[in-house]
Structures are given as C-alpha cells and as structure tokens.
Amino acid sequence: MNETLRNIKTRRVVREMSEEPVEREQIETILEAARWAPSGGNLRPNRYIVIKAAETRRLLRLVAPGMFQRAPVLILICTNWQVVEAHGLTARDRALLIDIGTAAQNIMLATHALGLAAGPVTSYSKEAVRIILNLPAHYSPEMFICIGHKAASARQGMRAWQKITWRDLTHWERF
Amino acid sequence: MQADWVLKEDEAIELLALLITSARIQMDEPAHYGPLRLLTAVERLSSLIEARSSQKSRGFLQDNIERIPDMHMLMSDVEAYTEGLDALCRAVAGCLLRHSALEDEA
C-alpha cells in the first residue's frame with residue numbers, strides 16, 4: 001500500500017501517553033506539516049502555541065476535562081481574529097472551522113508518521129485556557145493536540161458506534 | 001479532626017476546577033457525555049484520596065475506580081455502559097455501608 005495511505009489508515013487517537021519526551025526537531029517537523037495544511041483563501045488564520053512546561057500542562061489539564069492524556073507536549077491551535085477581520089470574514093464563516101480541521105489532521109498524520117502518538121482535545125474551558133496561557137484578546141483557543149509516545153499499557157480506543165465503510169458514507173451522482 | 005482529612009486544599013481546588021469546567025463544556029456537548037465527565041471527576045478524586053483513605057474505602061477505590069477508564073470504551077454500548085454504572089452504584093453502596101453504623105448493627 002502507498003505510504004501516505006497506510007499512514008492515514010493506521011493513525012489512531014491516543015488517550016494514554018508515557019512521560020517519554022518528544023524531541024524539539026520532531027515538534028518543528030509537526031508544526032511545518034501544520035503550516036502546509038490547506039487554508040480557505042490561503043488566509044492562514046491559525047496560530048500554534050506549543051506547551052512543554054510541566055506546570056503549565058498540569059494547569060491546562062485541570063481545566064480540560066476531555067484531556068485524559070498526560071502528554072509531554074501540547075499544541076494549541078488558535079484562530080487569530082486580526083487575520084480573519086482583516087479579510088472581512090466573520091465568526092460564522094465555515095472556512096475557519098475547516099482550517100482548524102485541516103491543520104489538526106496534518107498535525108496528527110505528521111505525528112503518526114514520526115512514530116509518535118497524537119490525540120485531539122476540544123473539551124476544555126476556553127476562558128480558563130485563555131487565563132492560564134495569557135492569550136491576547138484576538139486569539140481564540142480552538143483545539144489542543146496532545147503529542148507524545150503511546151503508553152505501553154494504553155487501552156484500545158473507544159468501541160465504534162457502528163461498523164462503517166466508505167460505501168456507507170458515500171452517494172454517487174444525483175439523488 | 002485534621003488527621004482524618006484525605007484531601008488537601010490544593011487537591012480540592014483541582015477537583016473544583018474539573019467540576020466547574022465540566023459544567024461549562026457540558027453546555028456544548030451531547031447529553032451522554034455527562035456521565036463521562038462525572039466519572040472523570042470520580043477518577044480524579046479517587047486518585048487524590050486513595051493514599052490517605054481508610055481500609056473501609058481503599059478496597060472500593062482500588063477494585064472499582066480503576067475500572068472506570070475501561071468503562072469509557074463502552075460508551076457506544078448503552079446497555080453495557082449502564083450495567084457498568086449499576087455495578088459501580090452497588091459497589092459505592094457497599095462502601096457507604098462500611099462507613100455507616102448500620103453495618104455494625106447487622
């Protein structure tokens with residue numbers, strides 16, 4: 001199978017990570033992959049905050065009930081509203097959500113390609129995160145990606161709600 | 001009574017943070033995430049108090065709370081998830097009895 005396709009099919013969300021550190025060079029490779037994600041109008045309103053400091057990660061985890069991982073690295077995808085407003089877009093523009101999604105997927109695929117584990121987290125208090133990271137007013141925290149090494153004791157992922165193939169998701173031509 | 005305390009102030013504040021932020025994010029999440037968030041708080045509280053807990057509680061904490069992450073994996077199976085929650089309720093009721101005078105009367 002093609003290496004890219006294999007990477008896509010074998011990537012999994014990892015919720016349990018070890019304390020093993022991630023190299024700075026690996027983080028930079030992941031961030032470059034994020035930079036190459038497609039962006040509506042090529043505006044690139046996303047900004048990335050990398051958090052490695054243990055105490056900051058601990059505090060963030062306390063306001064992020066969905067962050068089950070104790071990951072050595074957190075990448076926070078933010079929207080820079082100065083960029084958005086400079087191009088006349090509003091918060092209702094769906095391209096902004098799509099940009100977050102494409103960046104997140106590139107980050108997770110790059111992480112997997114490097115032999116590391118990744119898990120996205122969206123269940124957190126934006127206001128609490130804003131305070132802990134001292135975010136500027138024009139940044140909104142959109143999604144954390146936890147990066148690390150899969151714990152040896154990690155459980156299997158959540159059981160699927162139903163078996164799905166691409167055929168179940170696809171309709172050909174006209175309705 | 002201080003010797004009986006099983007939770008430090010910092011730890012209690014951590015748990016408060018989890019509960020408060022869980023309440024907020026629940027406004028945006030599916031209703032079935034509610035049990036998940038409550039059980040996450042249970043796990044955190046258990047991990048904080050286990051080392052200082054009495055024999056009456058320790059067995060309950062060790063035998064039951066550690067199973068919670070496995071329960072999360074069953075969320076898509078409502079029947080199994082509900083049975084897991086029922087089992088947890090039975091276990092905590094047993095723990096309550098061990099802490100109660102009722103147990104001594106039996």
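The values are calculated or read from the model by the stated rules, or taken from the named source; none is laboratory data. Just so you know, these numbers come straight off a predicted model, no measurement behind them. All Cβ positions, glycine included, derive from the backbone under ideal geometry; neighbour counts span all protein chains shown. Protein only, heavy atoms only, side chains kept; ligands, DNA and RNA dropped before computing areas. Shrake-Rupley method; radii C 1.70, N 1.55, O 1.52, S 1.80 Å.
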Separation of the range B:31-106 and the range A:65-102 by C-alpha centroid, Å? 36
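What's the ranking of A:137-147, A:26-36, A:67-77 by average number of surrounding C-beta atoms within 10 Å, highest first?
Details: A:137-147: 20.2, A:26-36: 16.4, A:67-77: 22.7.
Highest-to-lowest ranking by the protection proxy: A:67-77, A:137-147, A:26-36.
For the range A:4-49, what class follows from the C-alpha gyration tensor (a ≥ b ≥ c being the square roots of its eigenvalues): rounded when a/c is under 1.5, otherwise prolate if a/b is larger than b/c, else oblate? Walk me through the numbers before you get to the answer.
Details: a/c = 2.19, a/b = 1.40, b/c = 1.56.
It is oblate, given that a/c is not under 1.5 and a/b is not larger than b/c.
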Any chance you could run the full-extension gain for A:Glu127 through A:Glu19? It's 0.36 nm times the residue separation minus the Cα-Cα distance, nm to one decimal. 36.1 nm
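Just the number please: accessible area per residue for chain B, 1.4 Å probe, all protein chains included, in Å². Working shown, then result.
Values: 6700 Å² over 106 residues.
On a per-residue basis, chain B sits at 63 Å².
Based on the Cβ-Cβ distance from A:Arg92 to B:Leu97, what FRET efficiency comes out when R0 is 45 Å, to the nearest 0.05? Provide the component values of the computation, followed by the final result.
Working: r = 55 Å, r/R0 = 1.22.
For R0 = 45 Å, the calculated efficiency reads 0.25.
Can you send over the carbon and sulfur percentage of the accessible area for the range A:75-173, probe radius 1.4 Å, protein chains only? All intermediate terms of the calculation are to be shown ahead of the outcome.
Working: 3160 of 5810 Å².
In the range A:75-173, the share of accessible area belonging to carbon and sulfur is 54 percent.
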Can you give me the three principal axis dimensions of chain B from its C-alpha atoms, in Å, biggest first? 43, 33, 20
Pick from A:Ser123, A:Ser153, A:Ser39: which is most flexible by mean-square fluctuation in a GNM of chain A where alpha carbon atoms under 10 Å apart are linked? A:Ser153
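As a check on your grasp of the helix formula, calculate [θ] at 222 nm for chain B: sum -39500 (n - 2.57) over DSSP H runs of n ≥ 4, divide by the residue count, round to the nearest 500. Please list the in-between numbers first.
Details: 6 runs with 77 residues, N = 106.
-23000 deg cm²/dmol, from helical runs alone.
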What percent of all Cα-Cα pairs in the range A:1-80 falls in each 5 Å bin, counting up from 0? 3, 11, 17, 21, 21, 16, 8, 2, 0
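Return the carbon/sulfur percentage of the accessible area of chain B, one whole number, probe 1.4 Å, all protein chains in place.
Carbon plus sulfur share of accessible area: 61 percent.
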Mean separation of Cα pairs under 8 Å and 6+ residues apart, divided by the residue count of the range B:6-105: what relative contact order is that in percent? 25
Give the percent of DSSP beta bridges with both residues in the protein assembly as shown that are antiparallel, rounded to the nearest 5. 95
Filter chain B for me: DSSP H helices, axial length by Cα at least 18 angstrom, mean Kyte-Doolittle hydropathy not below -1.0. List them by residue number. B:9-26, B:33-49, B:78-99
Let me know the Rg and Dmax you get for the range A:86-137 when you use only its Cα atoms, in Å. 14.3, 40
Which distance in nm do the two modelled labels at A:Ala154 and A:Thr4 give, with both placed 7 Å along the Cα-to-Cβ direction? 2.4
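Would you mind giving the mean number of other chain beta-carbons within 10 Å of the Cβ of each residue in A:152-160, as a whole number?
Working: counts 0, 0, 0, 4, 2, 1, 5, 7, 1.
That works out to 2 on average.
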Calculated over the protein assembly as shown: convex hull of Cα atoms, volume per residue (Å³): 186
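In nm, what is the difference between 0.36 nm times the number of residues separating A:Trp161 and A:Asn42 and their Cα-Cα distance?
Values: separation 119, 0.36 × 119 = 42.84 nm, distance 3.57 nm.
That works out to 39.3 nm of additional length.
On average, how much accessible surface per residue is there in chain A, in Å², for a 1.4 Å probe, leaving out ligands, DNA and RNA? Mind dumping the intermediate values first?
Working: 10690 Å² over 175 residues.
Each residue of chain A exposes 61 Å² on average to a 1.4 Å probe.
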Computed on protein heavy atoms with a 1.4 Å probe, what is the summed buried accessible area for the chain pair A and B, in Å² to the nearest 100? 1700
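Taking each residue in A:59-68, count the Cβ atoms of any other chain within 10 Å of its Cβ, then average. What number comes out? List each step's numbers first, then the result.
Details: counts 2, 0, 4, 8, 8, 5, 18, 8, 1, 5.
Rounded to a whole number, the mean comes out at 6.
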Gyration tensor (alpha-carbon) shape descriptor, the range A:31-139, a/c threshold 1.5: oblate
